[in-house]
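J.: What follows is a single structure, and I will ask about it in a moment.
The values are calculated or read from the model by the stated rules, or taken from the named source; none is laboratory data. In this text, all values refer to a predicted model and were calculated from it rather than measured experimentally. Using ideal geometry, Cβ is built from the backbone for each residue, glycine included, and neighbour counts are taken over all protein chains shown. Side chains included, ligands, DNA and RNA excluded: accessible areas come from the protein's heavy atoms. Shrake-Rupley method; radii C 1.70, N 1.55, O 1.52, S 1.80 Å.
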Amino acid sequence: MKKVNIKLDIEVINKATFPMLRPWMAAGRYVYLFAEAGRDHYRLLSYISSLYTDITICDVGTKHGLSAIALASPTNKVYSYDLEDKLDDQIKEVASDINCTFLLENCLETEENRERLLSSDIVMLDTDHDGGFEEDFYSFLKTNNFSGILLLDDIRLNDPMKCFWNSITEPKFDITKYGHFSGTGLVSFGEHTIELV
């Protein structure tokens with residue numbers, strides 16, 4: 001597991017690019033990728049991913065694949081999980097080209113998936129936001145000695161998510177200023193250095 005110094009500076013994050021972008025991603029729902037940090041979290045995800053090379057990243061809650069696109073790079077491989085297929089055909093067609101594998105599976109159900117999660121340097125969790133799955137997922141990482149970073153979306157969205165965020169005992173950082181207006185959190189399970197500017 002790689003230990004990194006994560007220095008968050010909103011001006012630097014707003015300059016983040018998406019190395020696996022395709023021309024058609026500049027239209028439709030993909031325009032959210034280009035929102036400024038503090039409004040949406042995709043530039044933040046791309047920036048954090050750019051601090052690493054040759055790692056595995058797990059994205060839990062694919063939906064339309066925007067987080068996976070933001071996290072992907074030529075060297076960083078993204079495995080994105082969801083229980084429902086909401087991906088556009090265009091994304092499916094270029095999945096391997098953008099270094100993403102999209103899986104219609106419960107990320108906790110097979111040994112292969114559990115091992116992949118635990119060996120990832122970055123895990124992004126963005127699911128139904130009822131607090132229940134988030135608590136189970138966090139407990140799984142904690143119990144099994146995960147040592148990467150966990151990124152959480154919508155930590156301020158509702159009372160269950162606020163309660164879940166408040167229950168976390170690892171070093172945690174509310175990085176909403178740099179992420180999504182509905183709340184973005186970073187939890188460090190390892191010896192990472194986090195600096196907020």
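J.: Explain nothing, just the number: relative contact order of the chain, from Cα pairs under 8 Å at least 6 residues apart, as a whole percent.
T.: 25 percent
J.: Continuing with this model, one more query. Quick one: grab the alpha carbon gyration tensor of the range 109-197, order the square roots of its eigenvalues as a ≥ b ≥ c, and give me rounded if a/c is under 1.5, else prolate or oblate depending on whether a/b is larger than b/c.
T.: Note, shape of the range 109-197 comes out oblate.
J.: Moving on to the next point. Please give the FRET efficiency for E135 paired with Q90, using the beta carbon to beta carbon distance and R0 = 22 Å, rounded to the nearest 0.05.
T.: 0.05
J.: Right, something else. Determine how large the accessible area of E105 is when every protein chain is in place; take a 1.4 Å probe and give Å² rounded to the nearest 10.
T.: 70 Å²
J.: A further question follows. Can you classify the chain as rounded, prolate or oblate using the Cα gyration tensor, where a ≥ b ≥ c are the square roots of its eigenvalues, rounded means a/c under 1.5, and otherwise it's prolate if a/b beats b/c and oblate if not?
T.: rounded
J.: Here's a follow-up. Accessible area per residue of the range 44-139 at 1.4 Å probe, in Å²?
T.: 41 Å²
J.: Which residues in the range 134-160 have a backbone N closer than 11 Å to a point placed 7 Å from the Cα of N166 along the Cα-to-Cβ line?
T.: Within reach of a label on N166, which here means backbone N under 11 Å from a point 7 Å along Cα→Cβ, the range 134-160 contributes 159-160.
J.: Once you order the gyration tensor axes a ≥ b ≥ c over the Cα atoms, which shape class does the range 51-111 get: rounded for a/c under 1.5, otherwise prolate or oblate by comparing a/b with b/c?
T.: The shape class here is oblate.
J.: Also, I was wondering about something else. Could you pull out every residue, at least 5 positions away or on a different chain, whose amide H is within less than 5 Å of the one on L87? Hs are placed 1.01 Å off N in the peptide plane, and Pro or chain starts have none.
T.: Excluding prolines and chain starts, which carry no amide H, there are no hits.
J.: Given a Förster distance of 30 Å, report the FRET efficiency between E112 and S50 from their Cβ-Cβ distance, rounded to the nearest 0.05.
T.: For E112 and S50, the calculated efficiency is 0.65.
J.: In square nanometres, what is one fourth of the surface area of the convex hull spanned by the alpha carbons of the range 1-69?
T.: Projected area, direction-averaged: 5.2 nm².
J.: Compute a Gaussian network model of the chain, connecting alpha carbons closer than 10 Å, and tell me which residue from Y42, Y178, Y30 fluctuates the most.
T.: Ranking Y42, Y178, Y30 by mean-square fluctuation puts Y30 first.
J.: So what is the calculated 222 nm ellipticity per residue for the chain, using -39500 (n - 2.57) for each DSSP H run with n of 4 or more, over all residues, to the nearest 500 deg cm²/dmol?
T.: One gets -7500 deg cm²/dmol as the mean residue ellipticity at 222 nm.
J.: Another question, if that's okay. At 7 Å along the Cα-to-beta-carbon direction for both K177 and D128, put a label point, then send me their distance in nm to one decimal.
T.: Computed distance between label sites K177 and D128 equals 3.5 nm.
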